[in-house]
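Colleague: Below is the structure I would like to discuss, written out as C-alpha cells.
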Amino acid sequence: MTALVVLPDPAALATAAAERVGAIAEAAVAERGRFTVALSGGATPRGLFETLAAPPWRDRLPWARFEVAWVDERDVPIDHPDSNARMACRAWLEHVPVPPDRIHPVPTRPGPPADAARAYEATLRALFPYEPWPRFDLVLLGVGEDGHTASLFPGSSALEDAEAWVVAPWVPHLEAYRFSLSLPAIAHARRLIGLVAGASKAPVMRAVLEAPGSEPLPARRVAEAHGHAEWLLDAAAASALSGRSRA
Ligand code: 6PG
C-alpha cells in the first residue's frame, strides 16, 4: 500500500519530512538503541536537511545514536560540488553532533567504481551483521523527471540485480558511473519515504502513482517492492494526479 501526502509548498514538505524523520529516529532509538538512515541526494532533500540542522530538531534528536549512510552517490570525490555526501554534510551533518565514525559516505576514491561499491557494501554489511539485506530504519528517496530513484535509471540492468546490496552502474546518458543501493536493498528498509517537489515532477509522479504503463518506472518498482512506501509531494509535484491516489 502506497501512501501519499500532499503539502502546499517545499517549506511545508521539509517540515513534514523532518517530523517523520524525527519520529522514526526517536522510535528506532527507543526500540533498538540506534537510528539507521540512508539519504538520497539531489536538490530536494536540502530543505529537509536544513530543517533538521535548526531548532527544534537540532536540539532534540539523539544524534549520538544515528548511523547515516547514502542511498546513492555520484562518482566524484567527497569535496566535489556534485557529491551527495558533501551536500548533506554542509546542509545538516556538520551542524549536529553525529559522531564522525557513524557517518558512512560512499568511498568513491581512490579505487575504480567496482572496488568502491564493494567497499561500501562491506561498510553496510558491518552495520547490519547477519542480515540478508540492510534493514535501514529509514530510506529517503527522490525521483528524477525520468522516473529514476536512487541511481537506478530506467532500462538499467542494475535494476535487476537481486544479489548485491550496492551496485555501480555506468549511466550512459550521464556518461558517468553512479553508486546506488540496489532495488532489494532499498526495498528491505523498515520505512521508505519519497520526497518530491516542483512542477517538473508532476508528469513523472502521475506515471509513478497512477499510470505505470507497460514498463513501470524505477521509482514505482522500488515503492511496489517495499510495499509500504510513503510519498511526500508538494502541490506542484502532485498537480497532475487525479486525486485517486491521494491519501
Ligand atoms: C541523485 C539522487 C537522485 C535524486 C533525483 C531527484 O544522486 O541525484 O539521489 O536519485 O533523488 O535525481 O533529484 P532532485 O531532488 O535534484 O530533483
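Colleague: Between Ala235 and Glu175, what is the label-point separation in nm under the 7 Å Cα-to-beta-carbon projection?
Modeller: It works out to 4.2 nm between the two label points.
Colleague: Also: What 222 nm value per residue comes from the helices of the chain, counting each DSSP H run with n ≥ 4 as -39,500 (n - 2.57) and dividing by all residues, nearest 500 deg cm²/dmol? Before the final figure, lay out the partial values.
Modeller: Numbers: 7 runs with 75 residues, N = 247.
Mean residue ellipticity at 222 nm (helix-derived): -9000 deg cm²/dmol.
Colleague: To continue, here is another question. List every residue whose amide H lies under 5 Å from the amide H of Leu141, counting only residues 5 or more places away in sequence or on a different chain, with H placed 1.01 Å from N in the peptide plane.
Modeller: Long-range HN contacts for Leu141: Ile193, Gly194, Leu195.
Colleague: Another one. Near the amide H of Phe35, under 5 Å away, which other amide H atoms are found, from residues 5 or more places off or on another chain, if H is placed in the peptide plane?
Modeller: Result for Phe35 returns Phe66, Glu67.
Colleague: With θ set to phi - 60° and the Karplus curve 6.51 cos²θ - 1.76 cosθ + 1.60, what are the ³J(HN,Hα) couplings of region 49-55 in order, to the nearest whole Hz, using x for Gly and Pro?
Modeller: Each residue's phi maps through the Karplus curve to give 4, 5, 5, 6, 8, 10, x Hz.
Colleague: In the chain, which helices (entire DSSP H runs) extend 15 Å or more along their own long axis, judged by Cα positions, while averaging at least -1.0 on the Kyte-Doolittle scale? Kindly include the intermediate steps, with their values, before the conclusion.
Modeller: Details: long enough: 10-32 (32 Å, 0.62); 113-127 (21 Å, -0.08).
Once both thresholds are applied, what remains is 10-32, 113-127.
Colleague: Mind listing which chymotrypsin sites (Phe, Trp or Tyr not before Pro) in region 107-212 are in a DSSP loop and have 16 or fewer other Cβ atoms within 10 Å? Walk me through the intermediate numbers first.
Modeller: On the way: sites: Tyr120, Tyr130, Phe136, Trp165, Trp170, Tyr177, Phe179; in loops: Tyr130, Phe136, Trp165.
Passing both the DSSP loop test and the Cβ count: Tyr130.
Colleague: Distance in nm between label sites at Ala119 and Arg32, each 7 Å beyond Cα in the beta-carbon direction?
Modeller: 2.6
Colleague: In a Gaussian network model over the chain where Cα atoms closer than 10 Å are linked, find which of Gly22, Gly47, Gly111 has the largest mean-square fluctuation.
Modeller: Gly111
Colleague: Report the residue, chosen from Arg221, Arg109, Arg74, that carries the largest GNM mean-square fluctuation when the chain is represented by alpha-carbon nodes joined by springs under 10 Å.
Modeller: Greatest mean-square fluctuation among the candidates belongs to Arg109.
Colleague: Return P(r) of the chain (all Cα-Cα pairs; 5 Å bins starting at 0; whole %; ordered from short to long distances).
Modeller: Reading upward from the zero bin: 1, 7, 14, 19, 21, 18, 12, 6, 1, 0.
Colleague: In addition: Give me, ordered by chain and number, the residues 5 or more places off Ala3 or on other chains with an amide H under 5 Å from its own placed amide H.
Modeller: For Ala3, the qualifying residues are Ala229, Glu230, Trp231.
Colleague: Now for a different question. When the Karplus curve 6.51 cos²θ - 1.76 cosθ + 1.60 is applied with θ = phi - 60°, which whole-Hz ³J(HN,Hα) does each residue of region 56-73 get, with x for Gly and Pro?
Modeller: Values per residue, Gly and Pro as x: x, 5, 4, 9, 10, 8, x, 4, 5, 9, 7, 10, 10, 10, 10, 5, 7, 8 Hz.
Colleague: In addition: Provide the per-residue ³J(HN,Hα) series for region 179-187, in order, calculated from phi with Karplus coefficients 6.51, -1.76, 1.60 and θ = phi - 60°, each as a whole number of Hz, with x at glycine and proline positions.
Modeller: Working through the residues one at a time gives 10, 8, 4, 6, 4, x, 5, 5, 5 Hz.
Colleague: Let me ask another. For the chain, set up a Gaussian network in which alpha carbons nearer than 10 Å are linked by springs, and say which option among Ala27, Ala38, Ala91 fluctuates the most.
Modeller: Looking only at Ala27, Ala38, Ala91, the largest GNM fluctuation is found for Ala27.
Colleague: Can I ask one more? In debye, nearest 20, what is the charge dipole magnitude of the chain about its Cα centre with +1 on Lys and Arg Cβ and -1 on Asp and Glu Cβ, if you could check? Display every interim value, and only then the final one.
Modeller: Values: 24 positive and 29 negative charges, 100 e Å.
So the magnitude is around 480 debye.
We did not get these values from a lab; they are worked out from the coordinates using the rules stated. Bear in mind the structure is a predicted one, so any value in this text is a computation, not a measurement. FYI the Cβ positions are ideal-geometry reconstructions off the backbone, even for glycines, and counts take in every protein chain you see.
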